[in-house]
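One structure below.
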Amino acid sequence: MSDPGAKLARMANQIGSFFASEPDHALALEGIAGHLRRFWEPRMRRQLLLWLDETGGSELSPLVLEAIQTHRERLSTPTPRNPAPAAR
């Protein structure tokens, strides 16, 4: 049976590959974390963080690992839902 955390790490590395060409390192980190926050369910992010804590994240690219470590608090919290428009 495959490790779900390792599968999420591979997915995160694919995202990291896209942002690796960003010349501004801080923007690359923000882009990776932002993508994970916007497009991954909170359950997926929690599973990736748990896997990282358990394994040390050796399968993550250095850029992705840094993005997750730098923005861990943002990745740990649920994504806010868009509030319903106010009734007129």
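No lab work stands behind these numbers, since they all come straight from the coordinates. These figures come from a predicted structure and were not determined experimentally. When we count neighbours, we look across all protein chains shown, and the Cβ atoms used for this are built from the backbone with ideal geometry, even at glycine.
Full extension of the chain between ALA26 and ARG38 gives 2.5 nm of extra length, using 0.36 nm per residue less the Cα-Cα distance.
Only DSSP H runs of four or more residues enter the estimate; each adds -39500 (n - 2.57), and after division by the residues of the chain the mean residue ellipticity at 222 nm equals -20500 deg cm²/dmol. Each label point was placed 7 Å from the Cα along the Cα-to-Cβ direction; for ALA6 and THR70 their separation is 2.9 nm. One entry in (i) -0.33, -1.09, -1.32; (ii) -0.27, -0.87, -1.20; (iii) -0.21, -0.88, -1.27 is log10 I(q)/I(0) by the Debye sum over Cα atoms at q = 0.10, 0.20, 0.24 Å⁻¹ calculated from the shown coordinates; its label is (ii).
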